[in-house]
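Take a look at the structure below.
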């Protein structure tokens, strides 16, 4: 066995990659290096759109993710809320997924400063989990008060002041869909954008972004904030670095390690291949 | 119930509802018709709620059979599922009855101390599989594989702060790739899926889409 083959075999050892990966994630998490990041045109466009919204914007926020995706999606939504709250918004939160109510409580713990500035029932409301998927999404567009007589905590929605301003789809200035899946983006495109032209903003996982890209390109959404990177950029724009910024170093180191392994693996693969080609000639 | 009513009854209901919803989605109709349309859509949400209850009962029934039969290698897992389902459902119901919802302490504990860490663990393990798989998948065996590797590296660097330090152009290049190449690749997939939905809808309307319980 040649030296190249020995090195290639060592590189192919899964355990080595796993151990190095743990180290590369842990070190920057314990001692952040603060590697600078750039602001992409995509996130900047979203920031500028929200900046241009009128005062007291009416915004519907769909919380459609599970605990596993919270670390990637919550920072993005948190940063957007910190931006929105400066405009004294009317926020209607809703979930078309069963894990939504728990995720909403987690969001309240993540950005307590935002919710401290808002009064329940007047500035924001959480409708809870609604069954029916796209049917529920369509019903919300036709009138929230009528479709959801009680909020997540059992309060009657009929008397809530917020619904004087934000009840039907045409009342809303923006819908923010925060999702770990793809279906819900399509539901809102079909039930909110197409019939009522309500602007949509997507907050998605990095792995989901390619599948919703065509909706953004077609202008059916004003933009998207993707993954931890997008969240970190938005945190920078808002001027309050949070958990996404803190995790960027770890993500960079992990990606760097994987890239190094891929490049080294290819180098030694080609050395071995060339050695084998030359061997019969000798 | 006669065979005709059993076979054609549900089909007729589906046909009428589908045609009605298609027409009201694309055309503006008088107010009473639109009000009725809103009611029909609400029925859909209510039916979905009941479908969840039916699903939970079905899962319970399925696993109780394993428990009663003491199926080797399975009954213990069925016991865990049945107990977990009943406890969570009970805690959730108490939360609803007492008006505190999901903030009811035992329910929140079940979620935050069992479900959340379990899900986070499973999701985190993915990084190891992805790292190990990409080491093998990005092997440059031919020209298309080289193209895949270059594109993959640009997107990976574009998503990290490390990429910006190496070359600031990675981020705009990655965004350009997503906006143009990726969107172009996904557009036909979405259009194809849309056409598939239309065909399934047409087959249902024409009674050619048969659902049978195996």
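Starting from the Cα coordinates of the range B:1-102, work out the convex hull volume and express it per residue in Å³.
On the way: hull volume 20.9 nm³, N = 102.
That works out to 205 Å³ per residue.
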Check: How big is the range B:152-214 on each of its three principal axes, counting only the C-alpha atoms and giving the largest first in Å?
Finding: 60, 26, 12
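Using the Cα atoms of chain A to build a convex hull, what is its mean projected area in square nanometres?
Numbers: hull surface 74.2 nm².
It is 18.5 nm².
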Check: Given 0.36 nm per residue, what is the gain on full extension from residue A:30 to residue A:194 after removing their alpha carbon distance, in nm?
Finding: 54.3 nm
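Give me the inter-chain shielding for B:103-115: mean count of other chain Cβ atoms within 10 Å, whole number please.
Taking the mean over all residues of the peptide, I get 2.
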Item checked: Fraction of antiparallel bridges per DSSP, chain A only, in percent to nearest 5 -> 5
Notebook entry, point to check: Most fluctuating residue of A:248, A:160, A:224 in a GNM of chain A with Cα springs under 10 Å: which is it?
Noted result: A:160
Check: What's the FRET efficiency of residue B:151 with residue A:86 using the Cβ-Cβ distance as r and R₀ = 51 Å, to the nearest 0.05?
Finding: 0.85
Check: Given just the C-alpha atoms of the protein assembly as shown, how large is their convex hull per residue in cubic angstrom?
Finding: 219
Margin query: Going 7 Å from the Cα of residue B:122 along its beta-carbon direction, which residues of the range B:56-83 have the amide nitrogen within less than 14 Å of the resulting point?
Written below: B:81
Notebook entry, point to check: What nm value, rounded to one decimal, do you get for the distance between residue B:75 and residue A:116 when each label is placed 7 Å out toward the C-beta?
Noted result: 5.7
Notebook entry, point to check: What is the mean number of Cβ atoms from other protein chains located within 10 Å of the Cβ atom of each residue in peptide A:95-105, rounded to a whole number?
Noted result: 3
Next item on the list: Provide the packing ranking of A:71-81, B:142-152, i.e. peptides ordered by the mean count of other C-beta atoms within 10 Å per residue, highest first.
Entry: A:71-81, B:142-152
Note to self: With angles folded into 0 to 90 degrees, how steeply does helix A:227-238 sit against the dominant principal axis of chain A? Use alpha carbons for both and round to 10.
What the structure shows: 60
Checklist line | Mean Cβ count within 10 Å, highest first, over the residues of peptides A:227-233, B:178-184 | finding: A:227-233, B:178-184
Checklist line | Burial ordering of A:56, A:31, A:83, fewest other beta-carbon atoms within 10 Å first | finding: A:31, A:56, A:83
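So what is the calculated 222 nm ellipticity per residue for chain B, using -39500 (n - 2.57) for each DSSP H run with n of 4 or more, over all residues, to the nearest 500 deg cm²/dmol?
Working: 9 runs with 167 residues, N = 214.
Result for chain B, helices only: -26500 deg cm²/dmol.
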Next item on the list: With the Cα gyration tensor of the range A:130-194 in hand, give its eigenvalues times 5 under a square root as the equivalent ellipsoid semi-axes, listed largest first in whole angstrom.
Entry: 21, 14, 10
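Of the listed peptides B:95-102, A:122-129, what is their order by residue-averaged count of other C-beta atoms within 10 Å, with the highest listed first? Provide the component values of the computation, followed by the final result.
On the way: B:95-102: 15.4, A:122-129: 20.6.
Highest-to-lowest ranking by the protection proxy: A:122-129, B:95-102.
Taking all pairs of distinct Cα atoms, average 1/r, flip it, and tell me the Kirkwood hydrodynamic radius of the range A:1-96 in Å to one decimal place. It would help to have the intermediate numbers written out before the result.
Working: mean 1/r = 0.0559 Å⁻¹.
The Cα-based Kirkwood calculation yields 17.9 Å.
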Next item on the list: Determine the percent antiparallel among the DSSP beta bridges restricted to the protein assembly as shown, to the nearest 5.
Entry: 5
Notebook entry, point to check: Given labels modelled 7 Å from the Cα in the Cβ direction, how far is it in nm from residue B:12 to residue A:6?
Noted result: 8.3
Notebook entry, point to check: What do you get when you divide the Cα radius of gyration of the range B:33-152 by 2.2 N^0.38 Å, with N the number of residues?
Noted result: 1.70
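A short reminder: the numbers here are calculations on the coordinates, not readings from a lab. What you see is a predicted model, and the numbers here were worked out from it, not measured in a lab. Please note: Cβ atoms are built from the backbone with ideal geometry, for glycine as well, and neighbour counts cover all protein chains shown.
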